[in-house]
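The values are calculated or read from the model by the stated rules, or taken from the named source; none is laboratory data. These figures come from a predicted structure and were not determined experimentally. As a convention, Cβ positions derive from the backbone with ideal geometry for all residues, glycine included, and neighbour counts pool all protein chains shown.
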Amino acid sequence: MKIEILYSDDSIVVLNKPAGLLSVPGRGEGMTDSAALRIREMFPICIVQPSVHRLDMDTSGLMVFALTTGAHRNLSIQFQNGEVRKKYIAILEGEPAGDSGEIRLSFRLDPENRPYQVYDPVQGKAGITLWKKLEAAGGKTRVEFTPLTGRTHQLRLHSSHPAGCGGSGGLGCPIIGDRLYGSSSDREHAEGIRILLHASDLEFLHPTTTFKMSFRSPAPF
């Protein structure tokens, strides 16, 4: 798996992460290869921990990494404060009701079934996602997601969670290829059926120049 470098300077690197590559090194044998490790190998000036955000292993798309401590601090604050604009493209199983809307649901980790997240309106952390239907055909729907928060598995959960009365709840249509929250099986994954979720747009302020940086990556599906 090759990573595509879209931009780099003395402070940051922006890349297109392929599906199947970890964002940061994982635990266990064979889990060291990652986008963060490759950045460290490609850029000798890079700090030990350049990651300021993550994509799931099976999710492809745009990521930004920090090469310096100052850039890392600045970008981390932008992500923490919700100042970074992100968009994703996904293909769902089925067709959700309506053409667009806002999903606002709270989830938390299920400690007995990691990394699975469960709906919990009391103890869960709120996740907010804007969505827009782009195309529907053959029992599948292409959508654009704009997450306003960055909760774990947020888009996967908001897609698969059942729709509620009056438009509340999720979309009730899991992302195709989602082994945790959809109908995809381990066998299908072994045969190369990936989750159809791609980080297509990324916009932030450069940590040194403060100029607005905008990147776009068309979905490969």
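Assorted remarks:
- Among residues of the stretch 147-178, those that are of a type outside the set (G, A, S) and within 13 Å of R104 (Cβ to Cβ), counted: 9
- Positions within the stretch 1-53 being in contact with a Pro (Cβ under 6 Å, 6 or more places away or on another chain), buried (at least 17 other Cβ atoms within 10 Å of the Cβ) and assigned to a loop (DSSP other than H, G, I, E, B), in sequence order: S11
- As for the stretch 59-81, it holds at least one residue that is part of a loop (DSSP other than H, G, I, E, B) and over 19 Å from the mean Cα position of the chain (by Cα).
- Residue ID - nearest to K87 (Cα to Cα), chosen from residues in the stretch 188-221 that are modelled with pLDDT of 95 or more and of a type in the set (D, E, K, R): D201
- Residue count for the stretch 62-75 under the criterion of being over 17 Å from L15 (Cα atoms) and among the small types (G, A, S): the result is 1.
- Of all the residues in the stretch 128-146, those that are within 16 Å of D178 (Cβ to Cβ) and under 19 Å from the mean Cα position of the chain (by Cα) number 6.
- Any hit, the stretch 99-107, residues being without any contact (Cβ under 8 Å) to a residue 60 or more places away in the chain and either in the same structural domain as V13 (by TED's automatic domain parsing) or acidic (D, E) (or both): yes
- The selection criterion, being among the basic types (K, R), surrounded by fewer than 19 Cβ atoms within 10 Å (Cβ to Cβ) and within 24 Å of P220 (Cβ to Cβ), does not hold for R104.
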